[in-house]
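Asks: This is the structure, below, for whatever I ask next.
The values are calculated or read from the model by the stated rules, or taken from the named source; none is laboratory data. Everything numeric in this text was worked out from a predicted model, so none of it was measured. Glycine gets a Cβ as well: all are built from the backbone with ideal geometry, and neighbour counts include every protein chain shown. Keep in mind that these areas ignore ligands, DNA and RNA; they rest on the heavy atoms of the full protein, side chains included. Shrake-Rupley method; radii C 1.70, N 1.55, O 1.52, S 1.80 Å.
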Amino acid sequence: MSDTLAGFFFLVTLVAALALVHKPLGDYLARMLESRRHLVVERGVYKVGGIDPEADQSWSRYLRAVLAFSLVSVLFLYAFLRLQNHFGHPYAVPRMGGSQSWNTAASFVTNTNWQSYSGEN
C-alpha cells in the first residue's frame, strides 16, 4: 500500500470516528462541566487536597500552582534522567551528567527543547 493511500485511509477513518463520537462525547462533557454534583472519587480528592470545588481561582493562586507544578516536574525529570541508566532502561541516555540532566529537564518543562544529545538515535 502506498503512503498516499495509507494517509487517505487514515484520514477517512479519523473523520468517521470523530463523526461517530462527537455527539455522545460532547453531551457527556457538557453534563460533566455544567453539573454541580461531584462524584465520590472527586469529593475524596477535594477533601484530601483541601480544595473547595465551588471557589474561583485567582490569578495569583493559578500562578503559584503553575510554578509549583513546573518545579516538581523539573525535579522529577532531573531525577529520572540521572537514574535511568541504573534500571536497565533500553533507551537510556548513557551517563548523563548533572548539568546536562538539569538543562534537559528545564528545557522540557519550559518547552524550549535545548537537548544537547540526539534523543532519537
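Asks: Can you tell me which residue among 26, 44, 49, 7 is loosely packed, with under 10 Cβ neighbours inside 10 Å and out of contact with any Gly (no Cβ under 8 Å at 6 or more places or on another chain)?
Replies: Working: 26 fails: loosely packed, with under 10 Cβ neighbours inside 10 Å; 44 fails: loosely packed, with under 10 Cβ neighbours inside 10 Å; 7 fails: loosely packed, with under 10 Cβ neighbours inside 10 Å.
One residue alone meets the criteria, 49.
Residue-wise test of (1) of a type outside the set (D, E, K, R); (2) at pLDDT below 90; (3) open to solvent by 100 Å² or more (accessible area, probe 1.4 Å); (4) out of contact with any strand residue (DSSP E or B) (no Cβ under 9 Å at 6 or more places or on another chain).
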residue	(1), (2), (3), (4)
60	yes, no, no, yes
69	yes, no, yes, yes
75	yes, no, no, yes
78	yes, no, no, yes
82	no, yes, no, yes
85	yes, yes, no, yes
92	yes, yes, no, yes
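Asks: I've got another one for you. Only one of these conditions is not met by residue 64: (1) in a helix (DSSP H, G or I); (2) of a type outside the set (Ser, Thr, Tyr); (3) over 30 Å from residue 101 (Cβ atoms); (4) open to solvent by 80 Å² or more (accessible area, probe 1.4 Å). Which number is it?
Replies: Unmet condition: (3).
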